[in-house]
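The values are calculated or read from the model by the stated rules, or taken from the named source; none is laboratory data. If you're wondering where the values come from, they're calculated on a predicted model, not measured in any experiment. Heads up, the Cβs are rebuilt from the backbone with ideal geometry, glycines too, and the neighbour counts pull from every protein chain shown. Ligands, DNA and RNA are stripped out before the accessible areas are found, and what is left, the full protein with its side chains, is counted by its heavy atoms. Shrake-Rupley method; radii C 1.70, N 1.55, O 1.52, S 1.80 Å.
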Amino acid sequence: MPHSAPRNSISAPAYVIFPAGPSDAEALAHVHVTSWRETYTGLLPEAFLARMSEAGFARRFGRALSLGEEVTLAAGDRFGLVGYASGGPSRRGVRGEGEITVLYLLRQAQGVGLGRRLLAQTARALAARGATSLMISVLRENYGARGFYEHLGGQPEPARREPGPGGTPVHEVPYVWPDIRTVTG
């Protein structure tokens, strides 16, 4: 799908969610870089955000999607991609725990239920691969995302210090759903 274009404000866009493939790499990279700049300004070093390269991320997405090891779902409308989520087995190594490693939506697509749909469909795909519980981590200072996950029943665990982008340590809060079925609906 092409990069996002301006939307007609008269009618609400109809979003679709679908498995991403290598041909979506450039559009995913655009969503990734744009959503980071929209979300993390003031939370991560500005120099790091400014250096983010869509071309570099497109190459990474192309390689990762060719391998097919993770679930990656893209969300878009007739104008292009507006979000995506990826996940796989939990990096914490908890038996049966799936992890959504990223879930990003462009600001223009937030607040219309698309994030909830993307989370649920990614959780379904992870459940189909054997996950019985789910976790996702979010920056401690990203209060909007934290509120979103709490609203959807995620249980916060204590923040942990992690190496962050650009070399700056960050604090992440894991959110856990002990029963993945509470997310999948």
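With respect to P2, determine if the residue is in contact with a Ser or Thr (Cβ under 7 Å, 6 or more places away or on another chain), open to solvent by 30 Å² or more (accessible area, probe 1.4 Å) and either at pLDDT 95 or above or not aromatic (F, W, Y) (or both). Full working, then the answer.
Working: in contact with a Ser or Thr (Cβ under 7 Å, 6 or more places away or on another chain): no; open to solvent by 30 Å² or more (accessible area, probe 1.4 Å): yes; either at pLDDT 95 or above or not aromatic (F, W, Y) (or both): yes.
No: the conditions fail for P2.
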Matching option when the condition is within 18 Å of E172 (Cβ to Cβ), in contact (Cβ under 8 Å) with a residue 24 or more places away in the chain and in contact with a strand residue (DSSP E or B) (Cβ under 9 Å, 6 or more places away or on another chain), among V71, V94:
V94
Which of the numbered conditions does G166 fail, given that it passes all the others? Conditions: (1) in a helix (DSSP H, G or I); (2) in contact (Cβ under 8 Å) with a residue 60 or more places away in the chain; (3) within 15 Å of the chain's Cα centre (by Cα).
(3)
Could you please let me know if R160 is farther than 23 Å from T41 by Cα and charged (D, E, K, R)?
no
What do you reckon, is S66 closer than 17 Å to G130 by Cα and hydroxyl-bearing (S, T, Y)?
no
What is the residue count in the range 169-185 for residues that are open to solvent by less than 60 Å² (accessible area, probe 1.4 Å), charged (D, E, K, R) and outside any strand (DSSP E or B)?
1
Under the condition of being touching a helix residue (DSSP H, G or I) at 6+ places or on another chain (Cβ under 7 Å) and either among the basic types (K, R) or modelled with pLDDT under 95 (or both), which residue from the range 143-182 is farthest from T39 (Cα to Cα)?
G166
